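The values are calculated or read from the model by the stated rules, or taken from the named source; none is laboratory data. Quantities reported herein were computed from a predicted structural model and do not represent experimental measurements. Cβ sites come from the backbone with ideal geometry, for glycine too, and all protein chains shown count toward neighbours. Accessible surface is based on the protein model in full, side chains and every heavy atom, while ligands, DNA and RNA are left aside. Shrake-Rupley method; radii C 1.70, N 1.55, O 1.52, S 1.80 Å.
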Amino acid sequence: MKRIVVIGLLCTISSVKASEITIYPSFSEVREIVRLSGEKFDWTPPADLGQFLQQDSLELSDPNVLSMSLLPPTPSLLEMFEGKEVKVYYDGDYQKALVVNAQKMIFLINGAYIQIQTPSVQYPSLEGWRVSATYSWRFSGEARSSRLQYRTRGVYWNQTKYTLNQDQPNSQANLIAWAEIRNDSLVNYKSDKATLFAGFVPFEISETQQSSNRTPAILASQPTRPFATPTPVPTITNQSEVSGLQKFEYIGAFELTGRSILNLPFTRSQPLVNNVLEYRGVFSPTRQFNSAIQRVYRFQAPINMPKGSITIRENGQLVGRAAIGDNAKGNRLRLDLGKDFDIKLRRTSKLLEKRSTRSIDYTKYQISLQIKNTKSRAIKVSLIETGCGDWKLFNPNGKGLVLSNGGLTLETEIAVGQTYTATLLA
């Protein structure tokens, strides 16, 4: 077991001065410059960092390191819970267990006394205490500076938010991408350099893959204080790709206070946005309706865009919000903002002919599409009907109307006050 250091909640919030912090969607990697002297270096994580630290990620980048160890407990946290109930990972799951003998690691689980050599323990409540482990390195050589690095779940890229502001329809718009960085710990981070990576980076093996030499999972209670938003900082630039991940370099010093959320604008661009009124459906020769159609924004991704939410404004006025998935640069995005208030598509069907023979039933329909532009500007309209099956479509009559074996499509622009009409036979 490892040496446990328990620190009171009322201590001052700790700070970490890092040479660099790299932030991923579910964790961060922190690099600190430390001073080595003598033959031994001990490091205890700051208050509140221990519960977020991935212990096997600790590295001291020094060629003269001889060993790294955890000092024996005096006493251990498990001994503090002797005679009390905790949860222990056993038989594929965390189960309620009474700590019978902490030194021999004997637990009472489901009426049976069980000894677990390296238990993974979840503590029900530490009543505001913070738990950290002390790590010790031995090395040889002269006094010098070295780099200590580790991963923490306390700081991560929580979500991506976009804002799209267009002055007028069918024109260039201002697109800003925001990375929401969240710090769940009480630690204040100050760094000379910060880098953001978008993409999935797995760094933990599954429960079934882990060996029996498990390290205790220490869960400490969280303080209930509101998040505070720090002062805005410079933007992120220099986008590049690394092994399938998107990398964004941060220009300037980085500071993230404890228990805070920081929104960083990591890219700005001006894509050409097409505003389209759109209908999509499955083809039927008999379907008739007079219905509003969807407001859709279309544009090409100006950069590689991580998944997130996008807020759309037209001339500063909020007009909708949508979710997007991961998009590579150049992908076509389609944002569906709901039905238009006053533009309707009228679809009618007329049976022209019906006859039967011994082998087949023959029917012939005329389908009409009608859209009236009641706005004070020209509008673009898109219509797609798929899945026509055995129906043969022919004799299209209307600008922009295209028939194919899969169905029909319509792309057209309607001037102010005009009514568009198209017909086809099926």
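Return yes or no: is Leu424 over 19 Å from Tyr162 (Cα atoms) and open to solvent by less than 60 Å² (accessible area, probe 1.4 Å)? Yes, satisfied. Does Ser284 satisfy the condition of being in contact with a Phe, Trp or Tyr (Cβ under 8 Å, 6 or more places away or on another chain) and among the small types (Gly, Ala, Ser)? Taking the combined requirement at face value, the residue does not satisfy it.
For the range 28-40, a tally of residues being touching a Leu at 6+ places or on another chain (Cβ under 8 Å) and open to solvent by less than 30 Å² (accessible area, probe 1.4 Å) returns 2. Of all residues in the range 405-421, those satisfying the criterion of being open to solvent by 70 Å² or more (accessible area, probe 1.4 Å) and over 21 Å from Pro169 (Cα atoms) are Asn405, Thr421. For Phe299, the test of being surrounded by fewer than 17 Cβ atoms within 10 Å (Cβ to Cβ), part of a strand (DSSP E or B) and either without any contact (Cβ under 8 Å) to a residue 24 or more places away in the chain or of a type outside the set (Gly, Ala, Ser) (or both) is failed. The condition of being open to solvent by less than 20 Å² (accessible area, probe 1.4 Å) and modelled with pLDDT of 90 or more holds for only one of Ala47, Ala112, Ala97, that being Ala97. Pairs meeting the criteria (first residue in the range 246-272 and open to solvent by 40 Å² or more (accessible area, probe 1.4 Å), second residue among the basic types (Lys, Arg) and assigned to a strand (DSSP E or B), beta carbons under 6 Å, at least 6 apart or on different chains) are Glu255/Lys190. One residue stands out in the range 123-136 among those that are modelled with pLDDT under 70 and of a type in the set (S, T, N, Q): the one that is least open to solvent (accessible area, probe 1.4 Å), namely Ser132.
Here Gly83 clears all of (1) without any contact (Cβ under 8 Å) to a residue 24 or more places away in the chain; (2) part of a strand (DSSP E or B) except the condition numbered (2). In the set (1) farther than 23 Å from Gly281 by Cβ; (2) touching a residue at least 12 places away in the same chain (Cβ under 8 Å); (3) not in a strand (DSSP E or B), the condition left unmet by Lys399 is number (1).
For the structure I just gave you, tell me whether Ala328 is of a type in the set (A, V, I, L, M) and open to solvent by 40 Å² or more (accessible area, probe 1.4 Å). When the stated conditions are applied, Ala328 passes them. A Cβ distance below 9 Å, combined with a sequence gap of six or more or placement on separate chains, defines the contacts here; from the range 50-68, residues that are within 14 Å of Glu29 (Cβ to Cβ) and in contact (Cβ under 8 Å) with a residue 24 or more places away in the chain reach residues that are acidic (Asp, Glu) and open to solvent by 40 Å² or more (accessible area, probe 1.4 Å) in the pairs Gln54/Glu204. Say whether the condition of being out of contact with any Ser or Thr (no Cβ under 6 Å at 6 or more places or on another chain), open to solvent by 30 Å² or more (accessible area, probe 1.4 Å), modelled with pLDDT under 85 and β-branched (Val, Ile, Thr) is met by at least one residue in the range 59-67. So far as the range 59-67 goes, yes, one or more of its residues are out of contact with any Ser or Thr (no Cβ under 6 Å at 6 or more places or on another chain), open to solvent by 30 Å² or more (accessible area, probe 1.4 Å), modelled with pLDDT under 85 and β-branched (Val, Ile, Thr). For the range 402-426, residues that are touching a strand residue (DSSP E or B) at 6+ places or on another chain (Cβ under 7 Å) and either free of Cβ contacts under 8 Å to residues at least 12 places away in the same chain or within 25 Å of Asp336 (Cα to Cα) (or both) total 15. At least 3 residues being at pLDDT below 90 and not hydroxyl-bearing (Ser, Thr, Tyr) is the threshold, and among the strands (runs of 3 or more DSSP E) wholly inside the range 150-265 those reaching it are 194-198, 236-242, 245-250. Please work out if Ser120 is modelled with pLDDT under 90, open to solvent by less than 50 Å² (accessible area, probe 1.4 Å), hydroxyl-bearing (Ser, Thr, Tyr) and over 30 Å from Tyr89 (Cβ atoms). Answer is no for this residue.
Looking only at the range 331-375, residues that are open to solvent by less than 70 Å² (accessible area, probe 1.4 Å) and part of a loop (DSSP other than H, G, I, E, B) come to 3 in all.
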